[in-house]
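The block underneath contains the structure these notes are about, expressed in structure tokens.
The values are calculated or read from the model by the stated rules, or taken from the named source; none is laboratory data. In this text the structure is predicted, and so the values were computed from the model without any measurement. Positions of Cβ are generated from backbone atoms using ideal geometry, with glycine treated the same way; all protein chains shown enter the neighbour counts. Heavy atoms of the whole protein, side chains included, go into the accessibility calculation; ligands, DNA and RNA do not. Shrake-Rupley method; radii C 1.70, N 1.55, O 1.52, S 1.80 Å.
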Amino acid sequence: MAAYLRQREATSGHRLGLSWEEALRSLGGLARQGEMWTPTHAGVMLFAEDPQRLVAQAEVACVRFKGADVVSYVDRRDLRGPLYQLVDDAEQFIYRHMKVGRRIEGFAGVEYREYPQAAVREALVNAVVHRDYSRGGQRIRVFMFDDRIEVYSPGTLPPGVSLEKMRRLESQSVLRNPIVVGVFRDLGSRYIERLGTGVRRMAADMEAHGLPRPRFEEVGSEFRVTLLGPGEHFMAEVGELPPWAEGLHQRQVEAVLYAGEHGRITTAEYGELVEVSDVTAYRDLNDLCEKGLLVRRGKGRGTHYVGADVKGL
């Protein structure tokens, strides 16, 4: 509760002046039963130290399967804790098993992941805040394969939410768990930006990453979101070299990228980077200058090289 109140005050910009009990009452985390105030299911799942002790179905099972089917798995975690923690822990599970490469953009190498972070997080948040918690014996399941991520949320879509509209990326905002949604919204844009726009933003993030739109399906008594990944094409895509790298040694490509990322490179830095002698380093760097990819600056011990695109600095 202390962490929630701090975050809510930071988001709103003013002090709320509420005790923990007053805040819980206003949120719907406590309900009156006779002369007593007792925790609601939402209050337990959001703020109890061990919610699953009282609401067993408020758990998330994460599995990383080997290959593209469910025959065998390489890692599994049964996540417990408050609902917002489940989102964070499930996201970390996925990142731990996600391929990471380096894609060359311009004259710099940037880290590139299999899936866009925003889309993964949106799928997890939607599953946690919109699932049907009245269904005992069912958990949210996050299955990760070589070519896709599947997120299963117990319960079909609530009345008023159309699967066809969802596939057309039309805004819909029918809240099955309004108390849970309210607390997640209070915690800021890290969890919920604008109600009813998550599906559209998820699709936009996937397309911007060069991947297909998410698949939305009702499978029996569950709702499934599938994020299709690049699969075996990931490393080939990341390994593509730009036109300026044609005819260069791989170590020379590293020199240009280092200069682009750090602003400059010296002979000593290059020699240590690619493990070559000072003579070879000097020759490689001067060859890059002749090709117009680097520009030499300074004299003597102060000699260094900068990328040709920043030679005017």
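Annotations
- Residue 25 being touching a Phe, Trp or Tyr at 6+ places or on another chain (Cβ under 9 Å), open to solvent by 90 Å² or more (accessible area, probe 1.4 Å), of a type outside the set (Asp, Glu) and more than 30 Å from residue 142 (Cβ to Cβ): yes
- Single condition residue 200 does not satisfy, out of (1) among the charged types (D, E, K, R); (2) closer than 23 Å to residue 149 by Cβ; (3) touching a residue at least 40 places away in the same chain (Cβ under 8 Å): (3)
- Total residues in region 61-116 satisfying the condition of being in a loop (DSSP other than H, G, I, E, B), closer than 27 Å to residue 133 by Cα, free of Cβ contacts under 8 Å to residues at least 40 places away in the same chain and out of contact with any helix residue (DSSP H, G or I) (no Cβ under 6 Å at 6 or more places or on another chain): the figure is 1.
- Candidate set: region 200-224, residues that are over 15 Å from the mean Cα position of the chain (by Cα) and closer than 17 Å to residue 128 by Cα; chosen: the one most open to solvent (accessible area, probe 1.4 Å): 218
- Contact annotation: residue pairs with Cβ atoms under 8 Å, 6 or more positions apart or on different chains, pairing a residue in region 284-302 that is within 21 Å of residue 248 (Cβ to Cβ) and open to solvent by less than 30 Å² (accessible area, probe 1.4 Å) with a partner that is among the hydroxyl-bearing types (Ser, Thr, Tyr) and assigned to a helix (DSSP H, G or I), are 284/270; 285/267; 285/270.
- Members of region 173-199 found to be modelled with pLDDT under 80 and either farther than 30 Å from residue 234 by Cα or open to solvent by 70 Å² or more (accessible area, probe 1.4 Å) (or both), listed by number: 173, 188, 189, 190, 193, 194, 195, 196
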